[in-house]
Amino acid sequence: MKIVIAPDSFKGSLTALEASLAMERGIKKALPKAETVLVPVADGGEGTMDSLVAATNGRKVEVTVMGPMLDSVQAAYGILGDQETCVIEMASASGLILIEPEERNPLFATTYGTGELIKKAMDDGYRKFILAIGGSATNDGGIGMLQALGMKLLDSDDNSVGYGGAKLASIVEIDEQDFDPRIATCEFLIASDVQNPLIGPNGASYVFGPQKGATNVMVEFLDIQLSAWADLVESKKGIRLHDKPGAGAAGGIGGAFQAFFPARTKRGIDIIVEYTKLKEKLRDTGCVFTGEGQIDFQTASGKTPMGVAEEAKKQGIPVFVLSGSIGKGIEELYQHGITSVHSIVSAPITLQEAIERGAEFLESAAEQVMRTYLASFQK
């Protein structure tokens, strides 16, 4: 039997590849002669670059950039196998993974390093980009990225406003004179499944700010800052970001791409499905194993298990989802191709132990699900 194994990472515990290998070990305990096809995937967040680079036999280029809290970090961009397409993962330069939880502060976090990655890739000759913008630590509306690419954002004294979400309302002038002209000659495909507007109760600050370290007071303040920025962009560019779908992605960097770049947006999982050739790999497959750290109602918005299941459903292939934890609202998933959802943890356990023993638990769960599936064929 051919089995496709296509999980996302189990954040903090296993990369997508490590999760794939753990599932494979479990499956082969139940069915030693199984033909397994490993397709580590992502949905536009952390791991997207690695997934695309691996799928196309590409390579990575390391770059030292400014991190989200103005420190120096080692980031990277990927070159796909076509030697023309550059993949930039925002989390590599401006991500939550770069900051300890107690140090997260979206008032000051900047996207400057993401802009530096784009600039370095353009310096190296690339003009075709895939931008994976999940996992950001920022709420600065993308102004750091714009500044890194030459845009001057000035206050009432004609000085640069500096960095971070707290500076947005201080901007009174957008000077594009030195904004890198090469951007107009590039293609930017934004990998994101976020449709949130820039401001308001469903906007960047209220929905995503708390996970980036924002208190309730900070959330309200940041929303006011983004509103002022949106007002200025509308007066300058004639583009209303306030309630524009997707403008709130990654702390508002989605809006910066919409206003200042020749960019289009596509679900991250759809990009991964295309470049990994998942559709072709699913042919003649008996079943599919996928998963990620948390499965809940948000999974249906385009996260990895949902995207994998949608493709498998087209070919009538059962899909088993393995997850570190199962939240509310998973009932909807069964309408979209997911056959069943399984927690890999079978007894009360601390989060730290679950993280440390993730591979062991995932292997065991995959074996048990596979044995159950095989039993359905017995007379």
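Based on DSSP H assignment, which helices of the chain show an axial Cα extent of at least 20 Å together with a mean Kyte-Doolittle hydropathy greater than or equal to -1.0?
Values: long enough: 16-30 (22 Å, 0.05); 216-237 (31 Å, 0.25); 358-375 (26 Å, 0.11).
Those that pass (Cα extent of 20 Å or more, hydropathy at least -1.0) are 16-30, 216-237, 358-375.
With +1 assigned to the C-beta of every Lys and Arg and -1 to the C-beta of every Asp and Glu, and no other charges, what is the dipole magnitude of the stretch 48-266 about the Cα centre in debye, to the nearest 20?
Details: 17 positive and 28 negative charges, 124 e Å.
Charge dipole, the stretch 48-266, about its Cα centre: 600 debye, nearest 20.
Distance in nm between label sites at ASP231 and GLU62, each 7 Å beyond Cα in the beta-carbon direction?
It is 4.6 nm.
Using a Cα-Cα cut-off of under 25 Å, which lysines could be cross-linked to LYS314, ignoring same-chain neighbours fewer than 8 residues away?
Straight-distance partners of LYS314: LYS2, LYS266, LYS277, LYS279, LYS281, LYS303.
If each DSSP helix of 4+ residues adds -39,500 (n - 2.57) and the sum is divided by the residues in the chain, what number results at 222 nm, nearest 500 deg cm²/dmol?
On the way: 13 runs with 129 residues, N = 379.
-10000 deg cm²/dmol, from helical runs alone.
For the chain, what is the relative contact order in percent, using Cα pairs closer than 8 Å and at least 6 residues apart in sequence?
Details: 911 pairs, mean separation 71.2, N = 379.
Answer for the chain is 19 percent.
Need one number: nm distance between label points at SER343 and ARG127, each 7 Å from Cα along Cα→Cβ, rounded to one decimal.
According to this spin-label approximation, the distance is 5.4 nm.
For a quick check of your reading of the filter: which trypsin sites (Lys or Arg not before Pro) in the stretch 297-371 sit in a DSSP loop and have no more than 10 other Cβ atoms within 10 Å? Don't skip to the end; give the middle numbers.
Numbers: sites: LYS303, LYS313, LYS314, LYS328, ARG357, ARG371; in loops: LYS303, LYS328, ARG357.
Here the trypsin sites (Lys or Arg not before Pro) that fit, given the DSSP loop and packing criteria, are LYS328.
Which lysines have a Cα less than 17 Å from the Cα of LYS236, not counting those fewer than 8 places away in the same chain?
LYS152, LYS244
Within straight cross-link reach of LYS60, meaning Cα distance under 16 Å, which aspartates and glutamates are found once same-chain residues fewer than 8 apart are removed?
GLU46, ASP50, ASP82, GLU84, GLU89, GLU116, ASP123, ASP124
Laboratory data are not the source of any read-out in this text; all were calculated from the coordinates shown. None of these values were measured; they are calculated from a predicted model. Glycine gets a Cβ as well: all are built from the backbone with ideal geometry, and neighbour counts include every protein chain shown.
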